[in-house]
Amino acid sequence: MTDWPKIRTVGLSGLLVTFAAAMTEPANRAALAFRAAVEAQDWPDVLETSTSLVSVFVQFDLAATPVAAMQDRLRDLLAQQDWIAAPLPSGRTLWHVPTVYGTDLAPQLEEAASAAGVDPDEAIRQLSTSRVRVLTIGFAPGQPYMGELSETWNIPRQQGLTKSVPAGALVIAIRQLIVFTNATPTGWRHIGQTAFKTFRPASSAPFALSPGDELVFPSVSRETLHAIIASDTTGNGGAETEAIK
Amino acid sequence: MTAHLTVQLAGPAMTLQDLGRPGYRAQGMTVGGAADPTALYEGAALLGQPPTHTAIEMAGSGGAFTPGRDLRIALTGAEMAASCDGETLTWNASHLVPAGASLSIGGARNGAYGYLHVGGGFDTPLVMGSRAAHLACGIGSVLQAGDTLPLGSDTGHATGMTLPASDRFGGGKIRIVASMQTASYDAETLARFTATHFRRDARANRMGVRLDFDDEGFSSDAALSIVSEVVVPGDIQISGDGAPYVLMFECQTTGGYPRIGSVLPCDLPRVAQAQTGADLHFEFVDMADAIARQSRYLSELKTLKSRVTPLIRDPAAIRDLLGYQLISGAISATANPLEKES
């Protein structure tokens, strides 16, 4: 029996099941698969579930359901299979999100390429063809943390903060990409710009992405992006989708 | 036709709040809702309506309001100076504000957040199942002078009711349970943490309450190696400079700072209501004690209605006391009652 997964209480709000001490692809996959399994149990006292990079939060009222009882249920479910080897849940979507790399719209492409040790053209070739997965959503509503990129892109966050990058910015660090929900200061480098809205509060489907969805960010020209912005009424920013089989 | 409440003057941080939007954590949005949810239950008990109705949350100070119809209101949370057309209104009570009258609410005296509840609630559009502003997520906005808020239909009648005063104002002892990284702090740091009298920082808001203190910070080696994971309202994060932040209902969904403990949900309104500079100190309780306290709190919320009593007006608070005929039928001690008036 290894130390993992661990089950710990989170205040009086619920239990957290953690699959690893650090971000790894299998641990993220385990979290996504295990959350889907908890959801499928449809336990009436579970208020909501969510994942972060390598853990699953099961929210329930500890004053109503004994902690030990929920721990037992979660342990039983954990024992049913090797979650680190579990396949990803079904019902996921692949998104193609048009992106302008570099230019004044995304001024840190060259800096990021240099940090990764490749020239800017090669950086755009790699980044615009990499298929990444939504590892987790957080920090701002609907905001995806996506990965993992190849080891080439294991570049640190910059020392200082960029004062503000706009909503829809594609930023990079530590083998991950983020599309920002709102304009925000950040230590991640701004390499691309999309017109993709991750959060649409007035819509009947306010969140575009779900954890486990996959994305590709094909390179388009400024002119193409401007045309997309001029005609887009959905918030998709010209993105096309297909179901992942 | 729908009647409205018009905001004539607005304090700097008034928002519509209800019990928030649960269910969206997986997509990056915390529940939000009233900073002091206890106040929503008190307003509901005073007006005889469900706690799910929307109220105006007033951080620090209130404003001036005029209803388009006769309006039942309740005033809860941090006590603020309140009057209707110049006549003082008792806090922690329900009142009738006539159509067209001016309801004026001033600065908070003993806490951080006051609440103005209305009979029938506010009937603004639902956004994702709630009417609460969630400013950190870009939902709703701070109320401004000139705003007109649609009023829901009110089926209740009672006014002039009150509840016993709550002791959750002015800071004090806050009970916490161990949290994700509590064990990574050494015993000496934890002892110093619970012995420290913190002060609520002026920068506190609906996302979190920063705590000021005089000595060195509360650092832990764990800070370097935490993979981002769930955070919940009540968690006490130790930020990079060693200062504790108590996370409130509009906090983010995940975080990478170590958490030294987590405030019991039943004690979180006391943190919310501590005004700038108020003392806050922490005591660890075990899980069984925490659950007993939280259960008691939840059952007290359910039975608040039974504690509502008629308001007995304090003569000192009646502005035009001398205008009242208080001694009708009394007789003079010096006049001879048998002597006929001429």
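The values are calculated or read from the model by the stated rules, or taken from the named source; none is laboratory data. All values reported here derive from a predicted model rather than from experimental measurement. A quick note on method: Cβ atoms are made from the backbone with ideal geometry, for glycine too, and the neighbour counts reach across all protein chains shown.
Considering A:Pro87, A:Pro66, A:Pro98, the condition of being more than 26 Å from B:Gly256 (Cα to Cα) and within 10 Å of chain B (Cβ to nearest Cβ) is satisfied by A:Pro66 alone. Among residues that are within 24 Å of A:Ala243 (Cα to Cα) and either surrounded by 16 or more Cβ atoms within 10 Å (Cβ to Cβ) or assigned by TED's automatic domain parsing to the domain that holds A:Thr103 (or both), A:Leu161 is not included.
Please work out if A:Ala37 is part of a loop (DSSP other than H, G, I, E, B), touching a residue at least 12 places away in the same chain (Cβ under 8 Å) and out of contact with any Phe, Trp or Tyr (no Cβ under 7 Å at 6 or more places or on another chain).
On the way: part of a loop (DSSP other than H, G, I, E, B): no; touching a residue at least 12 places away in the same chain (Cβ under 8 Å): yes; out of contact with any Phe, Trp or Tyr (no Cβ under 7 Å at 6 or more places or on another chain): yes.
For A:Ala37, the condition - part of a loop (DSSP other than H, G, I, E, B), touching a residue at least 12 places away in the same chain (Cβ under 8 Å) and out of contact with any Phe, Trp or Tyr (no Cβ under 7 Å at 6 or more places or on another chain) - is not met.
Note on the stretch A:40-49: residues that are under 22 Å from A:Tyr145 (Cβ atoms) and either away from chain B (no Cβ under 11 Å) or in contact (Cβ under 8 Å) with a residue 24 or more places away in the chain (or both) amount to 0. Scanning the stretch A:2-14 for residues that are buried (at least 20 other Cβ atoms within 10 Å of the Cβ) and either within 10 Å of chain B (Cβ to nearest Cβ) or more than 9 Å from A:Trp83 (Cβ to Cβ) (or both) yields A:Thr9, A:Val10, A:Gly11, A:Leu12, A:Ser13, A:Gly14.
So if I check each of A:Ile137, A:Ile178, which one is β-branched (Val, Ile, Thr), within 30 Å of B:Gly23 (Cβ to Cβ) and touching a helix residue (DSSP H, G or I) at 6+ places or on another chain (Cβ under 6 Å)? Testing whether each residue is β-branched (Val, Ile, Thr), within 30 Å of B:Gly23 (Cβ to Cβ) and touching a helix residue (DSSP H, G or I) at 6+ places or on another chain (Cβ under 6 Å) leaves just A:Ile137. The residues of the stretch A:83-109 that are more than 21 Å from the chain's Cα centre (by Cα) and surrounded by fewer than 15 Cβ atoms within 10 Å (Cβ to Cβ), listed by number, are A:Thr103, A:Asp104. Restricting to the stretch B:234-257, and then to whatever is facing chain A (nearest Cβ under 8 Å) and touching a helix residue (DSSP H, G or I) at 6+ places or on another chain (Cβ under 7 Å), can you tell me which residue is farthest from B:Leu211 (Cα to Cα)? Residue satisfying both the conditions and the ranking: B:Thr253. Looking across the stretch B:218-231, the residues that are out of contact with any helix residue (DSSP H, G or I) (no Cβ under 9 Å at 6 or more places or on another chain) and at pLDDT 90 or above come down to B:Glu229, B:Val231.
Scan the stretch A:19-36 for residues that are surrounded by 19 or more Cβ atoms within 10 Å (Cβ to Cβ) and more than 7 Å from chain B (Cβ to nearest Cβ) and jot them down.
Answer for the stretch A:19-36, where residues must be surrounded by 19 or more Cβ atoms within 10 Å (Cβ to Cβ) and more than 7 Å from chain B (Cβ to nearest Cβ): A:Phe19, A:Ala20, A:Ala27, A:Asn28, A:Arg29, A:Ala30, A:Ala31, A:Leu32, A:Ala33, A:Phe34, A:Arg35, A:Ala36.
The residues of the stretch B:279-289 that are within 12 Å of another protein chain (Cβ to nearest Cβ) and in contact with a Ser or Thr (Cβ under 9 Å, 6 or more places away or on another chain) amount to a single one, B:Met287. B:Ala292 meets all of the listed conditions (1) within 16 Å of the chain's Cα centre (by Cα); (2) within 11 Å of another protein chain (Cβ to nearest Cβ) but one, namely (1).
Being away from every other protein chain (no Cβ under 14 Å) and surrounded by 18 or more Cβ atoms within 10 Å (Cβ to Cβ) is a property that does not hold for A:Ile137. Restricting the search to strands (runs of 3 or more DSSP E) fully inside the stretch A:44-110 and requiring at least 2 residues that are of a type in the set (Ser, Thr, Tyr) gives A:48-51.
Restricting the stretch B:258-278 to residues that are more than 16 Å from A:Val10 (Cβ to Cβ) and of a type in the set (Gly, Ala, Ser), the residue that is farthest from the other protein chains (Cβ to nearest Cβ) is B:Gly277.
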